[in-house]
Amino acid sequence: MVDSVKVAFSVNGKAVTAEVEPRTLLVTFLREHLGLTGTHVGCDTSQCGACCVHLDGRSVKSCTILTAQADGAAITTIEGLGTPENLHPMQQAFNENHGLQCGFCTPGMIMSATDFAARNPDPAEHEVREWLEGNICRCTGYHNIVKSVQAGARAMAQG
Amino acid sequence: MYAFAYHKPRSLAEAGELLASHDEARLLAGGMTLLPALKQRLAAPTDLVDLGGLADLVGITVSDSEIAIGAMTTHAAVTRNDAVATKIPALATLAGGIGDPQVRHRGTIGGSICNADPAADYPAGVVALGATIVTDRREIAADDFFTGMFETALEPGEIVRQVRFPIPEAAGYAKFPNPASRYAVVGVFVAKTAGGVRVAVTGAGPSVFRIPAMESALAANFSPDSVTGISVPEGELNNDPHATAAYRAHLIGVMARRAVASARNTSEGEN
């Protein structure tokens, strides 16, 4: 009954082709097939946002998308944003504003925040808090995350 | 998740054939409800028919009298659409309050109404605005579409193409969201239309329903105070861990007043 599905898309700018079981979730493919373990599985119920990646430029929860649904798309994960030597402005802002403690939610926070900041170069605090509805952090109490996103958005706007 | 076969049709006709030729096939729209259900093994279709390749089902078209939204249009696209924001701002508010930003990037209007979750937002807007649901074989009036909890008038294999919303004179939506899921504990959509005032409630009962007493009171005087004292019998309302029936009955009145107030403010703002 079950065939495999052929997919072709780009991940962090590199072309990827694969044949997967239809039920393979995108987050499973990224982590277990490509070894991109920066994308985390937190709740696995599309609540927490630790699995956020960009699909054609928009943040989505990769635990609730089939790999097959991403066929033809451009996917960006946290590994595609910056490097340890050359952090993305949003990563730098989280670093400088102490926007993380344990760090588990951070990749998802940053993928969500960069999507938001691309359209909101100088967001108000309440706008950031509303946007982060889909990202749960159990350490920080969010205050420093909000500061980080505001600073990161301004830094991104300055290029 | 149980195993299934995956199909991505290139036309609506092909999607219909795939549904017809597999007894246990399900349509996949945005997947924001179906995929979690599959992961919990609450559903076990043999085949998924992904509508994601059908560009005809995506998009918003506007005329003088109505806004038509393709079934595969995401909540994010609806809430960010200038025409929706200008002509039916309450619908933009509704779409922008579903789930969270990432869910709104995937979830679709067609998926929402076909699932007919008793706590979903869209059914309230669809019914209050007197929308028409266009399928691959007919048109269904909103009042006839939602038939019960997770039940619609759709026949087996029938596919929703579009939802057409007449532009109202004024409309407002207010909901009391569950703090975790953002599903409506109670949501009330009020619309002042050419055919009269319509009030539709989601979240409170097994399926979306109208409140005729509020509609006639608002037709006489479109003011928040008009609905004060009009209540819905608790016995007909949901009683669950999220809220008691008595609390929901109370919230219906509060949300109805807020919906009317926001409708008045919006229409005054435009004038």
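Observations on the structure shown:
- Residue A:73 meets the conditions (1) in contact with a helix residue (DSSP H, G or I) (Cβ under 6 Å, 6 or more places away or on another chain); (2) buried (at least 17 other Cβ atoms within 10 Å of the Cβ); (3) in contact (Cβ under 8 Å) with a residue 12 or more places away in the chain in every case but one. The failed one is (1).
- Candidates B:207, B:181: the one that is closer than 30 Å to residue A:133 by Cα and within 15 Å of the chain's Cα centre (by Cα) is B:207.
- All positions within the range B:177-200 that are surrounded by fewer than 20 Cβ atoms within 10 Å (Cβ to Cβ) and of a type outside the set (D, E, K, R): B:177, B:178, B:179, B:180, B:181, B:183, B:193, B:194, B:195, B:196
- Residue in the range A:32-50 that is at the interface with chain B (Cβ under 10 Å from one of its Cβ atoms), buried (at least 19 other Cβ atoms within 10 Å of the Cβ), within 21 Å of residue B:108 (Cα to Cα) and without any contact (Cβ under 8 Å) to a residue 24 or more places away in the chain present: yes
- Qualifying position, being within 10 Å of chain A (Cβ to nearest Cβ), among the small types (Gly, Ala, Ser) and in contact with a Lys or Arg (Cβ under 9 Å, 6 or more places away or on another chain), among B:68, B:43, B:3: B:3
- One residue stands out in the range B:21-36 among those that are in contact with a Leu (Cβ under 8 Å, 6 or more places away or on another chain) and either part of a strand (DSSP E or B) or facing chain A (nearest Cβ under 10 Å) (or both): the one that is surrounded by the fewest Cβ atoms within 10 Å (Cβ to Cβ), namely B:26.
- Residues that are out of contact with any helix residue (DSSP H, G or I) (no Cβ under 8 Å at 6 or more places or on another chain) and crowded, with 17+ Cβ neighbours inside 10 Å, drawn from the range B:210-241: B:215
- Subset of the range A:19-31 [among the aliphatic types (A, V, I, L, M) and within 13 Å of another protein chain (Cβ to nearest Cβ)]: A:20, A:25, A:26, A:27
- Members of the range B:210-234 that are over 20 Å from the mean Cα position of the chain (by Cα), outside any loop (DSSP other than H, G, I, E, B) and either closer than 14 Å to residue B:254 by Cα or of a type in the set (D, E, K, R) (or both): B:214, B:224, B:225, B:226, B:227, B:234
- No other residue among A:77, A:67 is touching a Gly at 6+ places or on another chain (Cβ under 7 Å) and either at the interface with another protein chain (Cβ under 10 Å from one of its Cβ atoms) or of a type outside the set (Gly, Ala, Ser) (or both) apart from A:77.
- Matching option when the condition is facing chain B (nearest Cβ under 9 Å) and over 30 Å from residue B:181 (Cβ atoms), among A:60, A:16, A:5: A:5
No value in this document is a laboratory result; all are computed from the given coordinates. Small disclaimer: the values here were computed from a predicted structure and weren't measured. Cβ atoms come from the backbone with ideal geometry, glycine included; neighbour counts cover every protein chain shown.
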